Amino acid sequence: MVAPARAPATPATPTTPTPAEHGGPLEPVYVWDLVVRLSHWAIVLSMLVLTFTGIDIARPFLHGGSGKAGFTTGYVRVIHFYAAQVFSLAVLARLVWMFTGPRRSDWRQFIPASAQRRRDMIGTLKFYLMLRPSPPPATGHNPMAGLMYLGVFGLYVLMILTGFALYSVSAYTSYMHGWQFLLGVFHGAQGARWLHHVTMWVLLCFAVQHFASALLTARVEKNGTLDSIFTGYKFLPKDRRKDDE
């Protein structure tokens, strides 16, 4: 008896992650609202400008010629001050939004107030230490990242206050002169300058770690983590537990 002819093999096509990999069918979930996304990118872009101009203020490397071109450092300082205003307003907006915004943007994303988020913190730490294959599910920030971001916002505030203290030294006729009391808190202009400089490098180190962790999480979870800071949407299992449950 002749065996029936087999159909020709068709080339394999790329497939999306199966529901089993995510715990169930996926659906788009609006996680990051417009205030969160705008404040995030305002902080990122202003930090890039502040870092570049701040390094030049501390150790000038942009040299101008004679006449108006020789005022390079003055222009750099002006750009630095305007970028500092954008940074300060973006940080202030995000801090206010922690207490006035929706649940996925509020302070519970940063402080592990629920028992479940405290338990998930251990699991998330094991994931970052490569001791488990995937992190516990989280709609917004995972609890370990949220707690780290709380510390980062503390550094943002320190950066702003030391900047205000330094600006007050030469703000003789400006309302910013009122921040001169901070010089006593930071042990003078030199102490404020040292804290300002060191905090900048700590934040740059965090930025590198933050991007690396986002890449790792996005690769493992395959839920649009990186895209979500642009669109606001993640792709999450339909049968996921409720926020902060």
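Read-outs throughout are calculated quantities, based only on the coordinates presented, and are distinct from any laboratory measurement. Everything numeric in this text was worked out from a predicted model, so none of it was measured. Virtual Cβ from ideal backbone geometry, glycine too; neighbours counted across all protein chains shown.
What the table below lists for this structure:
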item	result
Degrees separating the helix 72-100 axis from the principal Cα axis of the chain, which is the longest one	50 degrees
Efficiency of FRET from Cβ geometry, ARG219 and THR72, R₀ 45 Å, rounded to 0.05	0.55
Other-chain or far-sequence residues with amide H under 5 Å of GLU27's (modelled H)	LEU236, LYS238
Contour minus Cα-Cα distance for LEU150 and HIS40 (0.36 nm per residue)	38.2 nm
Computed FRET value (nearest 0.05) for ALA189 with LEU62, which takes r as the C-beta separation and R₀ as 41 Å	0.95
Placed amide H near ARG132: partners under 5 Å, 5+ positions off or other chain	PHE127
Euclidean distance between Cα centres, segment 177-245 to segment 150-166, Å	13 Å
Segment LEU226-VAL169, length gained on full extension (0.36 nm per residue, minus Cα span)	16.4 nm
Spin-label zone in segment 198-242 - amide nitrogen under 18 Å from a point set 7 Å from the Cα of VAL86 along the C-beta vector	204, 230
Scattering profile of the chain at q = 0.11, 0.12 Å⁻¹ [log10 I(q)/I(0), Debye over alpha-carbon scatterers]	-0.72, -0.81
Full-stretch length increase - SER114, MET130 - with 0.36 nm per residue and alpha-carbon distance subtracted	3.3 nm
Whole-Hz couplings from phi, Karplus 6.51/-1.76/1.60, listed for segment 107-121; x for Gly and Pro	5, 5, 6, 10, 10, x, 6, 8, 5, 5, 5, 5, 5, 5, 4
Computed FRET value (nearest 0.05) for GLN180 with ALA207, which takes r as the C-beta separation and R₀ as 25 Å	0.20
